[in-house]
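Working notes, structure below.
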Amino acid sequence: MFELKTLFRISLAATAVTLCVPAFAVQLSGDARAAIPHDLQQLVVVDYRAMQNSDSAMQLKDRVMPADLRQFDDAVQKSGINDNHDVDSLAFILYRPSASSDDLQTVGIAQGQFPVDDMLATFRKQKVRPSLIRTNRVYPMGKTGMVLCFVDPSTMVFGSSDAVKQALDVRDGLAPSMLTNEPIMDAMKSVESEPLWSILDEKGTQALMRNLLGQAGSVADYDSVRKRLVGSWYSMDFQHGVKFDLTITTGDTFAAATVSSLLNAAALYKKMSGSDAEKTALSATDISSSSGQLQVHFATTDSQFDTLLKSPLFQSVVH
């Protein structure tokens, strides 16, 4: 099962998709959106096609890709999909099965031009039999424990059996979808045209802030603003160097200014204790607040970013 940290690792792996290659907008289709559960904690979307154009991208992807995503890659290839050719984009959704649940599930959605007839022929040759969820045919993906279902010829839902069933329930109108989650849909408008983007709800944003503050943020400082963190979104662009933009929404201007002060204190702490690469990266980071929103902007060159990837700070995040 994915955790928030695992999804962050997916985001880092997704840097491999756009590093040193032209940026493409990654937008979710109507069928993809309709299969995403209402109570999501984080959604990560990445352009997958561009990674085949860069050796550096593939090396970075191999370094930080979590085991769950490796299993998906392996299973997809054995199913007859050329992931570097057929898959246009990937979305990973961390969600709660119900509004009252504290448990988290993960489901993935792949978009592309899939050779569905060839894949079904491969399944038949391998004597892989589908199970039925209403009219939906669900196929096992090797020995990974994952299953997949084509909701249309260009949209595939994959994950654990329970997660895929829940996504199909959502898509078939038996459970509420993300389309009725107004805060999430509003946040999506700010980032969905970027090559890599993510949105988080209130709980996801609170966990993100706790991780960002690290040792520099005391429990008292964090608790003073935790309940005022409403949501967040971020995007990454690698067309000209490396750019990262994060926006956190709060209840009011004072809360945004407080969070800004806490993050600046955390950055100062890391500047004093970090490596030269980390200090350089933090010097390239701007943290500010305006109109109830906190903005974090990071920009650096490809070579400086490559050095940062080898730093203890980066390794502590992805392992």
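Restricted to the stretch 145-162, and to residues there that are surrounded by fewer than 18 Cβ atoms within 10 Å (Cβ to Cβ) and touching a Phe, Trp or Tyr at 6+ places or on another chain (Cβ under 8 Å), the residue that is modelled with the highest pLDDT is Ser154. Could you go through the stretch 175-193 and let me know if any residue there is modelled with pLDDT under 90 and either of a type in the set (Asp, Glu) or surrounded by 22 or more Cβ atoms within 10 Å (Cβ to Cβ) (or both). Yes, that holds for at least one residue. Check whether at least one residue in the stretch 127-134 is modelled with pLDDT under 90, in the same structural domain as Asp31 (by TED's automatic domain parsing) and touching a strand residue (DSSP E or B) at 6+ places or on another chain (Cβ under 9 Å), and report yes or no. Checked against the condition, which is being modelled with pLDDT under 90, in the same structural domain as Asp31 (by TED's automatic domain parsing) and touching a strand residue (DSSP E or B) at 6+ places or on another chain (Cβ under 9 Å), the stretch 127-134 yields at least one hit. Against the test of being within 30 Å of Val242 (Cα to Cα) and touching a residue at least 60 places away in the same chain (Cβ under 8 Å), the options Ser177, Ser193 yield a single qualifying residue, Ser193. The condition of being touching a helix residue (DSSP H, G or I) at 6+ places or on another chain (Cβ under 8 Å) and either at pLDDT 65 or above or surrounded by 18 or more Cβ atoms within 10 Å (Cβ to Cβ) (or both) holds for only one of Leu120, Leu40, that being Leu40.
Need at least 1 residues that are more than 21 Å from Ser291 (Cβ to Cβ) and touching a helix residue (DSSP H, G or I) at 6+ places or on another chain (Cβ under 6 Å) per element, so show me which helices (runs of 4 or more DSSP H) inside the stretch 125-234 make the cut, counting only ones lying wholly within it. Counting at least 1 such residues, we get 161-171, 202-213, 219-226. For the stretch 226-266, filtering for residues that are free of Cβ contacts under 8 Å to residues at least 24 places away in the same chain and among the polar types (S, T, N, Q) leaves 2. So which residues in the stretch 92-104 are at pLDDT below 90 and assigned to a strand (DSSP E or B), if there are any at all? Passing the criteria: only Phe92. Residues that are touching a Leu at 6+ places or on another chain (Cβ under 8 Å) and in a helix (DSSP H, G or I) within the stretch 271-295 comprise Lys271, Ala277, Glu278, Thr280, Ala281, listed in sequence order.
Residues checked against (1) more than 30 Å from Ala207 (Cβ to Cβ); (2) surrounded by 19 or more Cβ atoms within 10 Å (Cβ to Cβ); (3) without any contact (Cβ under 8 Å) to a residue 24 or more places away in the chain:
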site: Val107; (1), (2), (3): no, yes, no
site: Gln111; (1), (2), (3): no, yes, no
site: Pro115; (1), (2), (3): yes, no, no
site: Gln126; (1), (2), (3): yes, no, yes
site: Ile133; (1), (2), (3): yes, no, no
site: Lys143; (1), (2), (3): yes, no, yes
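Scanning the stretch 28-46 for residues that are part of a helix (DSSP H, G or I) and either closer than 14 Å to Gln166 by Cα or under 16 Å from the mean Cα position of the chain (by Cα) (or both) yields Ala32, Arg33, Ala34.
Considering the stretch 225-249, the residues that are at pLDDT below 75 and surrounded by fewer than 19 Cβ atoms within 10 Å (Cβ to Cβ) include one that is nearest to Trp197 (Cα to Cα), namely Asp237.
Taking the criterion of being of a type in the set (S, T, N, Q), closer than 10 Å to Ser291 by Cα and not in a strand (DSSP E or B), the only residue of the stretch 243-270 that qualifies is Thr253.
The values are calculated or read from the model by the stated rules, or taken from the named source; none is laboratory data. Note that this is a predicted model, so its numbers are computed, not measured. Heads up, the Cβs are rebuilt from the backbone with ideal geometry, glycines too, and the neighbour counts pull from every protein chain shown.
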